[in-house]
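Structure first, then comments.
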Amino acid sequence: MMRAWWLLAFAVIVSVASATDVRVGPQGPGFYRMRMGGDEITALLDGTHPFPADELLTHIERSKIDSLLHADYLASPVQGSINAFLVKTPDRLVLIDTGAGPLYAGDGGFLPAALAAAGYRPEDVTDILLTHLHRDHVGGLIRNGTMFFPNAIVHVNKADSDFWLDPANEPKVPKILLPMFAGAMDSLGPYLKAGHVVTFSGETDILPGIRSLPAPGHTPGHTWYLVSSGDEHLLAWGDTVHVATVQLAEPGVSIRYDYDEAAAATSRKRALDEATAKGYWVAAAHVSFPGLGHLKRAGDGYQWVPVNYDRTP
Ligand SMILES: [Zn+2]
């Protein structure tokens, strides 16, 4: 009997030891593409970032955050995807946001590998549309201080460029947002110098089939882009949602990175209503990669319906 007990203990020790020996490596370059009307949409993963939802979300009890996360088998910090989206139209190659590049240390900067894996070169990109000028959206513009997309015209809402490219606005933001100024100035600098930045205001046709929809709150000039082809539409909504599990259930929940939390909540509810009512595709910067899907109503909130995987779209 004694001998059997020792054998069992030995077996347990061996199995624990071999379990800790299994090294789980990282993923490969992340891209996912699909057809939408006559366009090709490619999600590009720049990286993932541990996101302290319980510290950063506002207008919600911490225990409620924990219970919503727990119900989705998650816990804070949640790994948040950093997605960008490439839209190939019949005559243009348009990148919506650029990821964090080097500005999130080792968490970001994988977009170039994803782009190459998808079969494109940086010089192929004709236009870059920025949803806003935070670091995890502009950081990928440059590499070693020079333009990573040498032929691209960068389109940005004037309300955002006026704000983040002017250090005089620094006293207007909480401490957590201060690094966004240098991030925007450094990343856009070479494009400004080369005359590759154009600004727009309000709702307007940026390119054939792509319309800007101002959605202020997260930043003063935060912008959605509505991509239309045939009778299909894709809403690239930037930072409308940071933690889908919590903010789709409770759309009034904002985040400390929102410049104006109340306005951000208003924009979020508008996006969720419209995307649901009109059946839009959504391209979300921080919903789990590839961040492409639809929305449907669920109780008092909403539910994310991820794109159905298709190997040969
Ligand atoms: Zn972001």
Worksheet item: So, with +1 on the Cβ of K and R and -1 on the Cβ of D and E, and no other charges, what is the size of the charge dipole of the stretch 115-187 about its Cα centre, to the nearest 20 debye?
Response: 180 debye
Item to complete: Highest first, please rank the peptides 167-174, 223-230 by the mean number of other Cβ atoms sitting within 10 Å of their residues.
Response: 223-230, 167-174
Practice prompt. Give the order of 148, 289 when sorted by the count of other beta carbons within 10 angstrom, beginning with the fewest.
Written response: 148, 289
Worksheet item: So how tilted is helix 261-278 from the main axis of the chain? Cα-based, degrees 0 to 90, rounded to 10.
Response: 90 degrees
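Excluding same-chain pairs closer than 8 in sequence, count the lysine pairs in the chain whose Cα atoms lie under 18 Å apart.
Values: 158/172; 158/193; 269/278; 269/296; 278/296.
The result is 5.
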Discussion item. Can you tell me the orientation of helix 179-193 relative to the chain, as the angle in degrees between its alpha-carbon axis and the longest Cα principal axis, to the nearest 10?
Written reply: 50 degrees
Discussion item. Can you bin every Cα-Cα distance in the stretch 66-125 into 10 Å intervals starting at zero and give me the percent of pairs per bin, rounded to whole numbers?
Written reply: 18, 38, 24, 16, 4
Worksheet item: Between residue 228 and residue 194, how many nm apart are label points set 7 Å from Cα along the C-beta direction?
Response: 3.2 nm
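Starting from the Cα-Cα distance between residue 169 and residue 64, subtract it from 0.36 nm times their residue separation and give me the gain in nm to one decimal.
Numbers: separation 105, 0.36 × 105 = 37.80 nm, distance 3.45 nm.
Contour length minus Cα-Cα distance gives 34.3 nm.
Sort 20, 204, 131 by Cβ crowding within 10 Å, fewest neighbours at the top.
20, 204, 131
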Response to the item:
Computed over the Cα atoms of the stretch 156-251, the Rg and Dmax in Å are 15.3, 46
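At 10 °C and 1.306 mPa s, grab the translational diffusion coefficient of the chain from Stokes-Einstein with a Kirkwood Rh over Cα pairs, rounded to a whole number in µm² per second.
Values: Rh = 20.4 Å.
After rounding, the answer is 78 µm²/s.
If r is the Cβ-Cβ distance from residue 21 to residue 270 and R0 is 51 Å, what FRET efficiency results, to the nearest 0.05?
On the way: r = 51 Å, r/R0 = 1.00.
The calculated FRET efficiency here is 0.50.
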Discussion item. Whole-Hz ³J(HN,Hα) for each residue in the stretch 143-160, computed from phi via Karplus 6.51 cos²θ - 1.76 cosθ + 1.60 with θ = phi - 60°, x for glycine and proline: what do you get?
Written reply: 9, 6, x, 10, 5, 6, 10, x, 9, 7, 8, 9, 9, 9, 5, 4, 4, 7
Discussion item. Tell me the mean residue ellipticity at 222 nm calculated for the chain from its helices only (DSSP H runs of n ≥ 4, each -39500 (n - 2.57), averaged over every residue, nearest 500).
Written reply: -8500 deg cm²/dmol
Worksheet item: Roughly how many nanometres apart are two label points built 7 Å out from the Cα toward the Cβ at residue 35 and residue 162?
Response: 4.4 nm
Practice prompt. Rank the residues 76, 63, 201 as a footprinting-exposure proxy: fewest other Cβ atoms within 10 Å of their Cβ go first.
Written response: 63, 201, 76
Worksheet, complete the sentence: Taking N as the residue count of the stretch 185-313, its alpha carbon Rg divided by 2.2 N^0.38 Å gives 1.12
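Report the equivalent ellipsoid semi-axes for the stretch 38-155 in whole Å, largest first, defined as the square roots of five times the eigenvalues of the gyration tensor built from alpha carbon atoms.
Computed over the stretch 38-155, the values are 31, 15, 13 Å.
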Discussion item. Tell me the angle of helix 2-21 to the major Cα principal axis of the chain, expressed in degrees between 0 and 90 and rounded to the nearest ten.
Written reply: 10 degrees
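Values quoted throughout were computed directly from the atomic coordinates according to the rules given, and no laboratory measurement underlies them. All values derive from a computational prediction rather than experimental measurement. So basically every Cβ, Gly included, is an ideal-geometry build from the backbone, and we count neighbours across all protein chains shown.
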